[in-house]
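Q: Okay, handing you the structure first.
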2 protein chains.
Amino acid sequence: LDAKALGEAWERQKRMTKPAGALGMLEIISAQLCGLSRQCPPPIPEPAAVAVFAGDHGVHAQGVTSWPQEVTAQMVLNFLAGGAVVNAFASQVGAEVCVVDVGVVGELPHRGGLVPRKVRHGTADITQGPAMTRDEAVRAIEVGVETARDLVAAGNKALLTGEMGIANTTVSAALIAVYTGADPAEVTGRGTGVNDETYSRKIEVVQAVLERHQPDPADPIGVLAAIGGLEHAAMVGLLLGAASLRTPVILDGVSAGAAALVARAIAPEVLAACVAGHRSAEPGHVAALTKLGLRPLIDLDLRLGEGTGALLALPVVQSAARAMHEVATFDAAGVTEKS
Amino acid sequence: LDAKALGEAWERQKRMTKPAGALGMLEIISAQLCGLSRQCPPPIPEPAAVAVFAGDHGVHAQGVTSWPQEVTAQMVLNFLAGGAVVNAFASQVGAEVCVVDVGVVGELPHRGGLVPRKVRHGTADITQGPAMTRDEAVRAIEVGVETARDLVAAGNKALLTGEMGIANTTVSAALIAVYTGADPAEVTGRGTGVNDETYSRKIEVVQAVLERHQPDPADPIGVLAAIGGLEHAAMVGLLLGAASLRTPVILDGVSAGAAALVARAIAPEVLAACVAGHRSAEPGHVAALTKLGLRPLIDLDLRLGEGTGALLALPVVQSAARAMHEVATFDAAGVTEKS
């Protein structure tokens, strides 16, 4: 973050016609946007686009969810048809939905709006071996970097993370356990709402995966290759790409939190571009946000993913930036300051 | 709330392409909107308007704030010029700002956008006597009812509360103490950010006011007349008017919370129309929301008033309603349900 623009931001906020500090967290976000863009006031982050990366997970075979694997592909078609929650929320807040196939198992039809970037047909079962090769992990990251570059080149001034992948909260929990050091039982959640039996199995699977691979947090590409997901890797790339373009990126839920931990291990500066859109009901997400030092803007028990939580936060981030542009100073408005 | 539409809402949410319950608090809001409108899906609450009621307070003479009283009128002019935070946020989320003078001390110029409904030139000092007469309290409530009627007649499908009145957090604290039974020291906050000395005086003033008037919570008009504010009374009317028109109303901060407590004492059904937009940093607001049984949608340490917190919540409420309209069912989208 640029120190000069940060200083200007705090100085300007003091002169705006409102009590000092009265916008709370929004003043922190505004200052971050100034520091990131090196401008005060900062660009208003619109238009914005949510990148929804879809991938499948070999660990689905271990019975960690009650949803069939084909739902990943079916939901991708639902996104393209505009019938999912991410579409409704994006429509409401004026964001574009960009759907990227980075690793769905089946073949998806060529259809407008779908960006075909399949690195492989789903990951391998991480209870049996590595999820993917290091080369595949790097290629999935590159898909995310390219997505960020393309969306920013198209004029977007904010990016949002989204994902779809049946069983991906299992992978997110494993990644978060690696980067927070927390016990798998603490960071594994019920995802889409599994019953007690499946939940116990899910925790055991995460424990087994960590024991088998002993992932080294200092080798983030190795961690992704061993236990990651293709959509997680793509989100890592999106964050790296957005940060390198000084474009703010709003994180969605637990999978985005896991990706942010990995991205930070690659390049700590990435966090300067990150805003935590919401806190999901998944326990691992709280652990991830705490480790990242990010405070979520929305906290309404959402646990859907797709980018829905990030989309609800978008107007908050835009409002914070717009206030810097449009709110008069005490002098200009002829408003007396407090004594 | 209409039981049939409520039942339809929960039934429909189960068939939407998302895990059951995955939208958390937004599913509760959607159901409320269905029950309120007697329609499933409910009308999407746009366009929306924030009604900003401005009034002055005789208790300002007791040194409860470090801001001069003329700032109320100056900020009204700032609202009309589009230079306040409420204007920036309203512009971002696509809401109209309606500024109503219900009791500013000075004479305001006739200017486009200002609705002149002055009931009196500020309240009297409530440490010395009643704030206003019962008749004036009723007239201020009527200003709010009429504002709701006019804004809904103009096509608005959601209303938001806003207010401006230097010293009004002192009055809000007194009202909240009456309706929650809490100790004044617990529900009095620092408002715009007063220092320790002023804060102590503010608590003493609230205590003195309650001792002097001994307000009877069962007589809400009497409570408003004794210790209320003109903008509080107008907000009471706005809530009553919105509820009677089955139009949702998003509450802003501590003053709206105080008004909602009074409105509920007049007509308990009013709460069916109320959504708590945010939780402010004022301690009295938490007490009010708890008493009302409302969970705030935004919680970001805002303490500005004007309607700013309610405006940030508007896209959340709109997104909740839009999801009911646009999200496909499992059958329609060809998505397999969980086993």
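The values are calculated or read from the model by the stated rules, or taken from the named source; none is laboratory data. These numbers come from a predicted model, not from an experiment. Methodologically, a virtual Cβ is constructed for each residue, glycine included, from the backbone with ideal geometry; neighbour enumeration extends over all protein chains shown. Only protein heavy atoms, including side chains, enter the accessible area calculation; ligands, DNA and RNA are left aside. Shrake-Rupley method; radii C 1.70, N 1.55, O 1.52, S 1.80 Å.
Q: Considering the options B:153, B:221, B:64, tell which one lies farthest towards the positive end of the dipole of the range B:48-315, charges being +1 on Lys and Arg and -1 on Asp and Glu at the Cβ, about the Cα centre.
A: Farthest along the dipole direction, towards plus: B:153.
Q: With 10 Å bins from zero, work out the P(r) of the range A:33-88 over every alpha carbon pair and list the percent per bin.
A: Bins of 10 Å from zero give 18, 31, 22, 18, 11, 0 percent of pairs.
Q: Show A:67, B:10 ordered by accessible area, largest first, where the area counts protein heavy atoms only and the probe is 1.4 Å.
A: Sorted descending by solvent-accessible area, the residues read B:10, A:67.
Q: For the protein assembly as shown, what is the mean residue ellipticity at 222 nm derived from helices alone (per DSSP H run of n ≥ 4: -39500 (n - 2.57); sum divided by total residues; nearest 500 deg cm²/dmol)?
A: Computed ellipticity for the protein assembly as shown at 222 nm equals -15500 deg cm²/dmol.
Q: Kirkwood Rh over alpha-carbon pairs of the range B:48-315, then Stokes-Einstein at 4 °C and 1.567 mPa s: what D in µm² s⁻¹, rounded to an integer?
A: Diffusion coefficient, whole number: 74 µm²/s.
Q: On to the next question. Given the C-alpha atoms of the range B:70-224, compute the convex hull and give its volume per residue in Å³.
A: About 139 Å³ per residue, rounded to a whole number.
Q: A follow-up question, please. Under the Karplus relation 6.51 cos²θ - 1.76 cosθ + 1.60, θ = phi - 60°, what is the ordered set of whole-Hz ³J(HN,Hα) values for the range A:92-104, x standing for Gly and Pro?
A: After applying 6.51 cos²θ - 1.76 cosθ + 1.60, I find 5, 9, x, 10, 8, 10, 10, 9, 10, 7, 9, x, 6 Hz.
Q: Spelling out what I want: for every residue of the range B:278-288, take phi, set θ = phi - 60°, compute 6.51 cos²θ - 1.76 cosθ + 1.60 (Karplus), and round to whole Hz; glycine and proline get x.
A: Rounded to whole hertz, the list is 8, 10, 7, 6, 6, x, x, 5, 4, 4, 5.
Q: Assigning unit charges at the beta carbon (Lys, Arg +1; Asp, Glu -1) and nothing else, what dipole magnitude in debye, to the nearest 20, does the range B:1-54 show about its Cα centre? It would help to have the intermediate numbers written out before the result.
A: Numbers: 6 positive and 5 negative charges, 37 e Å.
Magnitude of the dipole: close to 180 debye.
Q: For the range B:26-132, how big is Rg over Rh, using alpha carbon atoms and the Kirkwood form of Rh?
A: So for the range B:26-132, dividing Rg by the Kirkwood Rh gives 1.11.
Q: Taking amide hydrogens as modeled 1.01 Å from N in the peptide plane, which residues meet the under 5 Å criterion relative to residue B:131, leaving out close sequence neighbours?
A: Amide H neighbours of residue B:131, under 5 Å, 5+ apart: B:226, B:227, B:228.
Q: Please turn the phi angles of the range A:233-249 into ³J(HN,Hα) values with the Karplus equation 6.51 cos²θ - 1.76 cosθ + 1.60 (θ = phi - 60°), one per residue in order, whole Hz, x for glycine and proline.
A: 4, 5, 5, 4, x, 4, 5, 5, x, 5, 4, 5, 9, 6, 10, x, 10
Q: I've got another one for you. 5 Å is the cut-off here: which amide hydrogens, built 1.01 Å from N in the peptide plane, fall below it relative to residue B:84, excluding neighbours closer than 5 in sequence?
A: A:328
Q: List residues of the range A:1-42, by number, whose backbone nitrogen lies under 17 Å from a label position 7 Å along Cα→C-beta of residue B:198.
A: Answer for this model: A:14-23.
Q: Where does each of A:146, B:11, A:163 land when they are ordered by accessible area, with a 1.4 Å probe and the largest first?
A: Result of the area sort, largest leading: B:11, A:146, A:163.
Q: Still on this model: For B:238-244, what's the mean count of beta carbons from other chains sitting within 10 Å of each residue's beta carbon? Don't jump to the answer; show the numbers that get you there.
A: Working: counts 0, 0, 0, 0, 0, 0, 0.
Across B:238-244, the average partner-chain Cβ count within 10 Å equals 0.
Q: Let me ask something else about it. Return the inverse of the average 1/r over all pairs of distinct C-alpha atoms in the range B:123-197, which is the Kirkwood hydrodynamic radius, in Å to one decimal.
A: 15.0 Å
Q: Two decimals is fine: what is log10 I(q)/I(0) at q = 0.13, 0.14, 0.16 Å⁻¹ for the range A:140-258, from a Debye sum with one equal scatterer on every Cα and no solvent?
A: Log-scaled intensity ratios, in q order: -0.53, -0.60, -0.75.
Q: Another one. Please figure out what share of the DSSP beta bridges in the protein assembly as shown is antiparallel and state it in percent, rounded to the nearest 5.
A: If I count the DSSP bridges inside the protein assembly as shown, around 5 percent turn out antiparallel.
Q: Tell me, how many Å apart are the Cα centres for the range A:124-152 and for the range A:23-84?
A: A separation of 16 Å, based on Cα centres.
Q: If amide H atoms are built 1.01 Å from N in the plane of the peptide, which residues on other chains or at least 5 residues away come under 5 Å of the amide H of residue B:164?
A: Excluding prolines and chain starts, which carry no amide H, the hits are B:53, B:54, B:55.
Q: Also, I was wondering about something else. How shielded is A:91-103 by partner chains, expressed as the average number of their Cβ atoms within 10 Å of its Cβ atoms?
A: Rounded to a whole number, the mean comes out at 2.
Q: Dividing the convex hull volume of the alpha carbon atoms of the range B:214-339 by its residue count, what do you get in Å³ per residue? Don't skip to the answer; put the middle values down first.
A: Details: hull volume 17.9 nm³, N = 126.
With only Cα atoms used, the range B:214-339 gives 142 Å³ per residue.
Q: Please compute the volume of the convex hull spanned by the alpha-carbon atoms of the protein assembly as shown and report it per residue in Å³.
A: Working: hull volume 96.5 nm³, N = 678.
So the per-residue hull volume is 142 Å³.
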